[in-house]
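Notes to accompany the following structure.
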Amino acid sequence: MKSFIVFFIVLFSTVVQSETMYIADTIKITFRTGPGINHKIVAMIKSGEKVELLKPEEPAEEWSFVRLTDGKEGWVLSRFLKSKEPDGLVLDRLKKKHNVLKNQAASTIEENKVYKKENKKLNSELKTNKEISKKIKSSYETLKKESAEFLELKSNYAKTSSNFIEQTKKAEKLEEELTSLLLHQNIKWFLSGAGVLLLGFVIGFSTKRQRRRSSLL
């Protein structure tokens, strides 16, 4: 019973005081069932792997009780544990990060070249569009001016046409009146001429009769 209580005390203390440690810069170390080389090797732990220190490490103790990331618990040599991440692992991670950033930089440079090319093309198109817009504006102003002149000419033409129609009607009316007047005058002249002719005929006939009477006497 006493040993059972001691086991729980030890277990509780290991849970409370656990901390993350790293395997130092070495190739691989043994992970054993107990604190000693005579205990069974459970696994081989490679450099840089994280372990959870369950039992506080004492300076005089050669072995430390740890838990792996997969949940297995066992013992490793204390001299291979470090509280900081190994320099080799940090260096490898930095190299990988550097390569990623290098690739990203190369990709960014290529994208920047593409963007510069597209920007140059867009600037050229913008310049062309500005020139076209300027021409369209000039054409619009010319058309606007010509349209105003056209509307004015159209208005003048409408007025002139209206006046022409009105003058034509007046001329036709005057022509009708003149024709009628000439017709009346011609009739009067005809009647006058006929009257004079008739009068001359009557006078001539009367004179002739008088001559005949004179000759009979």
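Report whether or not GLU149 is farther than 22 Å from ALA43 by Cβ and of a type in the set (Asp, Glu). So GLU149 passes the test.
Please tell me if VAL114 is β-branched (Val, Ile, Thr) and either exposed (fewer than 12 other Cβ atoms within 10 Å of the Cβ) or at positive phi (or both). So VAL114 fits the description; yes.
Tallying residues that are modelled with pLDDT of 85 or more and closer than 17 Å to SER83 by Cα within the stretch 11-65 yields 13.
Report yes if some residue within the stretch 72-89 is assigned to a helix (DSSP H, G or I) and among the acidic types (Asp, Glu); otherwise report no. So far as the stretch 72-89 goes, yes, one or more of its residues are assigned to a helix (DSSP H, G or I) and among the acidic types (Asp, Glu).
The values are calculated or read from the model by the stated rules, or taken from the named source; none is laboratory data. Just so it is clear, the model here is predicted, and its values are computed rather than measured. We place every Cβ from the backbone using ideal geometry, glycine too, and count neighbours over all the protein chains shown.
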